[in-house]
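Asks: The structure's right below; bear with me while I get my questions together.
Derivation of every value follows stated rules applied to the coordinates shown; laboratory data play no part. Because the structure is a prediction, the values reported are computed rather than measured. Positions of Cβ are backbone-derived with ideal geometry, glycine not excepted, and every protein chain shown enters the neighbour counts.
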Ligand code: SOE
């Protein structure tokens, strides 16, 4: 069986989550190829060597260009901040490596277009590219998509998606890379709003075609701080160093609220906020149709809520479906019914689907084209917010640059 050797570029919170996926997936699923955690790459030699030892990588390195040129590397897994996604992914694809890139795909539409074009070129040689929207791979979310495709909610009128965190409510939280446009591209909008957009498009099967939105930055300056090692314990800020001197400007949004018009004409409401006091990682979606409604909440991620309007009146009400039966997506590889999965399992499902796509020569979703579409929605929300929240078309007609 062919062995697929992986190089991971980056070692922050997503480095830990992806490493767990590469370690676990081969031991849970019967993958069609052996995988190897060959090398992890980071700028700080001693910190990335510690990450290699802690997370199970054979080697560590500090030069990603050197690593992607190696003949013994087949897959490049990019878990760096968004400002390096395009350069690394395009170089890796042009070098014939399969690529898994964290979300959002890029920091700008231009970068995302160049990445999608590189993925199209690489696809002609059987090389695959995938974006890390892992919430699609929570069994309950995949099940939601299946139920909607079967028509259980009927004609969709309204979708509401919410992603709420509160790690920035403290004004003394230092100025992390996620708060600087040149590194992150945007704030809550691109970091967690991208998940909400992908979730709506994935479960409904419909693109967001127009948006009207508003962005806001609550705390405009934050204390400067040395960046941390990126190993676990640095939390979402990626900081664990000592306090620095002075203050820096926050150049991204803290809150993004927008409305979307879906391809069918249905309306979708979105919120992505880092100021929802008390909400730690609260992602939820509810799809309302003329035959019923479906809802998912990450804080109860092993179940979906289903309301069936076609049921007899005395039996109508939201009921909880536990998505842990062997018949449900991904579940049969894990535990017996009723034994729960967690946030981390989506990363093993991601590895499984990527490896199967590579070996079977099918396109593992979400593709870079899917990631580009989300990037266009993000950019349209920014344009709308800059123009008094005017309704703004998601420019899908812009050709992918060759
Ligand atoms: C921070 O908001 C973050 O780590 C996101 O970047 C991830 O994509 C999300 O899964 C958890 O929160």
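Asks: If you average the alpha carbon positions of the stretch 308-373 and of the stretch 149-169, how far apart do those two centres end up, in angstrom?
Replies: So the separation of the two Cα centres works out to 16 Å.
Asks: Right, here's the next one. Hey, what number do you get for the chain at 222 nm if only DSSP H runs of n ≥ 4 count, each worth -39500 (n - 2.57), divided across all residues, to the nearest 500?
Replies: -9000 deg cm²/dmol
Asks: Determine the gain in length on full extension of the stretch residue 327-residue 110; use 0.36 nm per residue of separation and subtract their C-alpha separation, reporting nm with one decimal.
Replies: Result for the pair: 74.0 nm of gain on full extension.
Asks: Residue 59 to residue 125: FRET efficiency via 1/(1 + (r/R0)^6), r the Cβ-Cβ distance, R0 30 Å, to the nearest 0.05?
Replies: 0.70
Asks: Then there's this: Roughly how many whole Å is it from the C-alpha centroid of the stretch 80-138 to that of the stretch 255-273?
Replies: 25
Asks: If you don't mind, there's one more thing I want to ask. Compare 311, 17, 52 in a GNM of the chain, Cα atoms joined below 10 Å, and give the one with the largest fluctuation.
Replies: 311
Asks: Suppose R0 equals 22 Å; then what is the FRET efficiency for residue 339 and residue 149 from their Cβ-Cβ distance, rounded to the nearest 0.05?
Replies: Computed FRET efficiency for residue 339 and residue 149: 0.20.
Asks: May I pose another question? Using a Gaussian network for the chain with springs between C-alpha atoms less than 10 Å apart, which of these wobbles most: 115, 206, 14?
Replies: Maximum among the listed residues: 206.
Asks: Pulled fully out, how much extra length does the chain show between residue 365 and residue 158, if you take 0.36 nm times their separation in residues and subtract their Cα-Cα distance?
Replies: 72.0 nm
Asks: Using 0.36 nm per residue of separation minus the Cα-Cα distance, give me the extension gain between residue 247 and residue 280 in nm, one decimal.
Replies: Gain on extension, residue 247 to residue 280, equals 9.3 nm.
Asks: Can you tell me the relative contact order of the chain? Whole percent, Cα pairs under 8 Å, sequence separation 6 or more.
Replies: For the chain, the relative contact order is 21 percent.
Asks: By count of other Cβ within 10 Å, fewest leading, how are 158, 328, 339 ordered?
Replies: Exposure proxy ranking, most exposed first: 339, 158, 328.
Asks: Here's something else I'd like to know. Have a look at 77, 63, 207 and tell me which one the Gaussian network model of the chain (Cα, springs below 10 Å) gives the largest fluctuation.
Replies: Sorting by GNM fluctuation, first place goes to 63.
Asks: If a paramagnetic tag sat 7 Å from the Cα of residue 290 along the Cα-Cβ line, which residues of the stretch 148-169 would have the backbone N under 11 Å from that point?
Replies: Residues passing the 11 Å test: 154-157.
Asks: Same structure again: At 7 Å along Cα-to-Cβ for each site, give me the label-to-label distance between residue 320 and residue 386 in nm.
Replies: About 4.6 nm, to one decimal.
Asks: What number, in nm² with one decimal, is the all-direction average of the projected area of the convex hull of the alpha-carbon atoms of the chain?
Replies: Dividing the Cα hull surface by four gives the mean projection, 19.9 nm².
Asks: Give the order of 389, 46 when sorted by the count of other beta carbons within 10 angstrom, beginning with the fewest.
Replies: 46, 389
Asks: Oh, and also: Distance in nm between label sites at residue 395 and residue 3, each 7 Å beyond Cα in the beta-carbon direction?
Replies: 4.7
Asks: Can you sort 181, 320, 128 from fewest to most other Cβ atoms within 10 Å of each residue's own Cβ?
Replies: Ordered from fewest to most neighbouring Cβ atoms within 10 Å, 181, 320, 128 come out as 320, 181, 128.
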